[in-house]
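Shown next, in C-alpha cells, is the structure this report addresses.
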Amino acid sequence: MQGKKQEITIQAILDLVKTYYPDQDSLDLISKAFKYANEKHKDQFRKSGEPYIVHLLNVAYILADLKLGPKAIAAGLLHDVIEDCGVSREEMVKEFDEEITTLVESVTKIGNIEFKDEKEYMAVNHRKIFIAMAKDIRVILIKLVDRLHNMRTLQFMSEIKQKKIAAETLDVYAPIAHRLGISEIKNELEDLSFYYLYPDKYYEIAHLVEIRKAERDRQVLTMIKDITELLTKNGLKFRIFGRSKHLYSIYKKMTTKNKRFDEILDLHAIRIVTSDDVSCYEVLGYIHAKYRPIPGRLKDYIAMPKMNMYQSLHTTIVGEEGSIYEVQIRTEEMDAIAEKGVAAHWRYKEGNKYNQERAQKEIEERLSWFKDFGALTQESKDADEYMDILTHDVFEANVYVMSPKGRVIDLPNGATPLDFAYRIHTEIGHSTVGAIVNNVLVPLNTPLKTGDVVSIRTSKQSNGPSEDWLKIVKTAHAKSKIRNFLQKKEMDDRSDTIEKGEHLFREECKRREIDDKELIGSKRLESVFQHFAINNINDFYYAIAVKSLAMPAIFEKLNIQQKKGILDSFSLERMFKSNQSKKTFSKSGIRVSGVDSMMISLAGCCTPVPGDSIVGFITKGQGVKVHRTDCVNIKNETKRLINVEWDEERKEGKYEVKLYILAQDRSFLISDIVTIINQCKAGLVAVNSTVNEDKITASTYLNVVVTDSEHLQTVIANLKKIDNVFEVHRAQS
Ligand code: MN
C-alpha cells in the first residue's frame, strides 16, 4: 500500500468549502490561516522531503471534505504552529481569535501525550485524551484527520516508528473514528495500521481478495441488475452499488469469529440509497418479496439508530445462484452520516446556517460516554476497575435498548436493567425493584441485548441500592450514583443507631428507676465517658446500640446499685463484641489486661497487625490507641503506656497497613503491584504513585488490607520479587 499522494492546493480547499460555506468571511479566514501557516512553516520539511505545508493542506482538505466549519479548517491549517514554530498563545489570539487558538492548543496538547504500551497508556492517557477532547468535538476531528494524513505518509518513518504509530492508531484513533461514526476514516485507519503491523497477513488477504475479484464482481453486478429492474418496475428512485469490505475487517472476522476466508468473502455486499425513510422500507419489502431473507438478519437501525448516529436497514438475502448478499438500505442523509459521521450530521441538521453550539450539544448528547468519563476520573481508584469500565463504556459500547416509549438508550456490553434505570434517572435507579424485558420479568443482573425493550418497576418502599448492586452494574454512571447513595445511607444509619442507643439507655434508666434527665449531662456521666474513652453522648449511645458498651458496666461505673429482682436486659458477656464501625471497639482484636471495657483502636500512624509487638497508649478522651512498640510516635512516652495483647480468638480480622515501594519507573509497574496484591489475597484500599525527582525511580504508597503479620510478610516478600522493585517496607505516616 502506498500513501495516497494528492496535490492539494489552497484553492482546492476554498473551492470545496465554497460548496457549503459560500460567504466571503469564511473563505478569507481560511486563506489567512493558510498564509500564516505557510510563512511560519516555510523552512520546515517532512520526512518525505515535501514542504511542511503539504501536510497542513491535506489535513485542511480532509476537514473540508467532512464539511467542517471555517474555524475548524483554519485550526487544521494552524494545528502545528504552536508546537513546531513556537508561536505563542497571545500572538495567535491577536492574529486570529480565542476560539481558533483554543482549538490549536487542545490539538497540540493531545498530540503531546506520550503513549506507552497497552494497559498503562490505556488507563492513564486515554482518560486525559478523552477529557481534553470532550470539550470540543472539533478537536477530535482535527486530531483524527492529522493522524490519518500521518498514516498515509507513514512509509517515510523507520520501521519501529511505523509499528508504534500503527498500533496506537489501531487501538486509539480507529475506535474513536468508529465511535463518531466516521466509517470512511475508521476503515482507512484500520487498513493502514493493518498494513504496517501485519504486512504478511495484509498481503495474503489482499491477494485472496484479488483472485476472487472477477467472479465476485460478476455475481454482484448481476444482482444489482436484477434489483434495479425490480425496483424501477415499481417506480422507485434510488442509487445502488456494490461495496467491498476493507481488508482489516476481513482479517478481524477471520481471527475473532474464526471464519474461513471463503465464508467471509462469499458474503457480497450491496447498498441501496433512496431519497426518504419510507422508500427504504418499500425497497426492503420488494426485495424480501423476491429473495429469501435469512432469518434473524434483518436489522432496523432506522427506527433504532446506533449510538454513533448510524441509521440503515440491514438484511441478508439469498441470491438466485445461492450466493449470500448483505443489503444495506438507507437515505442519502443516512449514507453521509455513516461515511462521515457527526460532521455530516450537523451539516444536515443545520443546513448552511452554522449553529455550532446547538450542533455540538446534540452531538455530545448522543455520544454520552463523554459524560461518563467525567464521573470516572473523580471516582475510580482501582486501575483494574478503570480498565474494565473503559473497555466497556468506550470500546464496546454497542448495546442499544429501548424504553417502552421507544427512547433508545446506549449501554456498554453486559449492561443490566439497573444500568438502564440509572441512565433514565437516578431516582428511578434507586427505587428499582424489578425489570421487565420484552414483557418478561427478569432478574436485575440480566445482561441486556440490542433491541430489548426495557421497563423498570419502581417502588417507594424499596430499600434502595445495596453493595451487591455495584457488582451488577457496568456503567461508571450507575456505579457512582450507587456509591453516593450507600455513603449517605451509612451516615443516616449511624444517626438511627444513635437514636436506638438513646432509647435503650432511657429504657434502662426507667427500669432501674433512675432519672435519666438528671443523669444526662451530669458530671457523673462525664466521668463514665472518660473511663470508657468516649468522646460525646452520641458515641455513647452508638456504643450502647451496637453493644460494645454493656449496660451493667455503665451503671457499675455510675455507682448505681442494681435493684434486686430487676433482670439485666444485657448479658454479662465480654465488653468487646463485634460492631460495624471501623477500627474502633473490639474490632481491633486486642485485649487489654486488667481492663474489662474500654474503647480500643489501632493507631493510624504505624497500623499494627496481629503478630506485631504492640503497646497501648492511653489518650485523652479517645481511649487506648494501640501502637507498634517501635512506633516513633510513642518513643518518648512512658507514663501513659499500658500492656496490651492480641486476642488469639479473633483471628479473621482485617487490618489496613500502609506500604512503601521504591522501584524503577516503568510501564506496568502499578499493574504488576496490583496483580501481586490480588494473588496474595490481600485487599487494596489505595494506591498513590509518583515519579521521583530523579525521573528514574517511582515511590508508591499502598494501603493494603491483611489478616496478620504473617500475611503481611508474604505480601512484602512477593512485592520484592517484582522486577525493578528495590525496596518494600511498611510506611509510617
Ligand atoms: Mn500534524
Mean Cβ-within-10 Å packing, highest first, puts peptides 82-93, 64-75 in the order 64-75, 82-93
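Only four residue types carry charge here, +1 at the Cβ of Lys and Arg and -1 at the Cβ of Asp and Glu. Report the dipole size of the range 655-730 about the Cα centre in Debye, rounded to the nearest 20.
80
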Measuring from its Cα centre, the range 171-215 shows a charge dipole (+1 at each Lys and Arg Cβ, -1 at each Asp and Glu Cβ) which, in debye to the nearest 20, is 120
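Any chance you could tell me what percent of the C-alpha pair distances in the range 475-546 go past 16 Å? Can you show the working numbers first?
Working: 1509 of 2556 pairs.
Value for the range 475-546 (Cα pairs over 16 Å): 59 percent.
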Ranking SER193, VAL107, SER48 by how far each Cα lies towards the positive end of the charge dipole of the range 10-206 (+1 on Lys and Arg Cβ, -1 on Asp and Glu Cβ), the top one is SER193
Here FRET efficiency (C-beta to C-beta, ALA214 to THR255, R₀ 22 Å, nearest 0.05) is 0.25
Count of lysine pairs, the range 475-546, Cα-Cα under 18 Å, sep. 8 or more residues or interchain, comes to 6
In the range 452-530, the trypsin sites (Lys or Arg not before Pro) that sit in a DSSP loop and have at most 11 other Cβ atoms within 10 Å of their own Cβ are LYS460
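Any of LYS201/LYS257; LYS253/LYS474; LYS299/LYS449 with alpha carbons more than 20 Å apart? Name them for me.
Where the Cα-Cα span goes over 20 Å, the pairs concerned are LYS253/LYS474.
Percentage of Cα-Cα pair distances in the range 177-217 greater than 11 Å, rounded to whole percent?
On the way: 550 of 820 pairs.
Value for the range 177-217 (Cα pairs over 11 Å): 67 percent.
Using a ≥ b ≥ c from the Cα gyration tensor of the range 208-344 (square roots of the eigenvalues), is it rounded, prolate or oblate, where a/c under 1.5 gives rounded and otherwise the larger of a/b and b/c decides, a/b for prolate? If you can, show how the numbers build up before the last one.
On the way: a/c = 1.70, a/b = 1.18, b/c = 1.44.
Verdict is oblate for the range 208-344.
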With a ≥ b ≥ c from the Cα gyration tensor eigenvalues, square-rooted, and the rule rounded for a/c under 1.5, otherwise prolate when a/b > b/c and oblate otherwise, the range 144-219 is oblate
For the range 692-733 the GluC sites (Glu not before Pro) that pass both the DSSP coil test and the at-most-10 other-Cβ-within-10 Å test are GLU693
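By its C-alpha gyration tensor, with a ≥ b ≥ c as the square roots of the eigenvalues, how is the range 64-107 shaped: rounded for a/c under 1.5, else prolate for a/b larger than b/c, else oblate?
Prolate, since a/c reaches 1.5 and a/b exceeds b/c.
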For ASP647, other-chain or 5+-apart residues with amide H closer than 5 Å (H placed, Pro excluded) are ILE590, ARG591
Filtered pair list for the range 655-730 (Lys only, Cα < 17 Å, 8 or more apart or interchain) has a length of 4
Inter-part gap, Cα centre of the range 59-111 to Cα centre of the range 202-229, in whole angstrom, is 43
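Of the accessible area of the range 475-546, with the probe set at 1.4 angstrom, what percent is carbon plus sulfur? Mind showing how you got there, number by number?
Working: 1870 of 4080 Å².
Heavy-atom surface of the range 475-546 belonging to carbon and sulfur, 1.4 Å probe: 46 percent.
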Mean Cβ-within-10 Å packing, highest first, puts peptides 653-662, 144-153 in the order 144-153, 653-662
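To the nearest 20 Debye, how big is the dipole of the range 419-496 about its Cα centre, given +1 on the beta carbon of each Lys and Arg and -1 on that of each Asp and Glu?
The dipole of the range 419-496 has a size of about 220 debye.
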Note on the range 694-733: the mean projected area of its alpha-carbon convex hull, in nm², is 3.5
Stretched fully, the stretch from LYS35 through ILE436 gains (0.36 nm per residue minus C-alpha distance, one decimal, in nm) 138.2 nm
Percent of all Cα-Cα pairs per 10 Å bin for the range 10-206, counting from 0 up to the last occupied bin, reads 9, 34, 37, 17, 3, 0
Among ALA75, LEU63, ALA166, the residue whose Cα sits farthest towards the positive end of the charge dipole of the range 10-206, when +1 is placed on the Cβ of each Lys and Arg and -1 on the Cβ of each Asp and Glu, is ALA166
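The values are calculated or read from the model by the stated rules, or taken from the named source; none is laboratory data. A quick note: this is a predicted structure, and the numbers were derived from the prediction, not measured. FYI the Cβ positions are ideal-geometry reconstructions off the backbone, even for glycines, and counts take in every protein chain you see. Ligands, DNA and RNA are stripped out before the accessible areas are found, and what is left, the full protein with its side chains, is counted by its heavy atoms. Shrake-Rupley method; radii C 1.70, N 1.55, O 1.52, S 1.80 Å.
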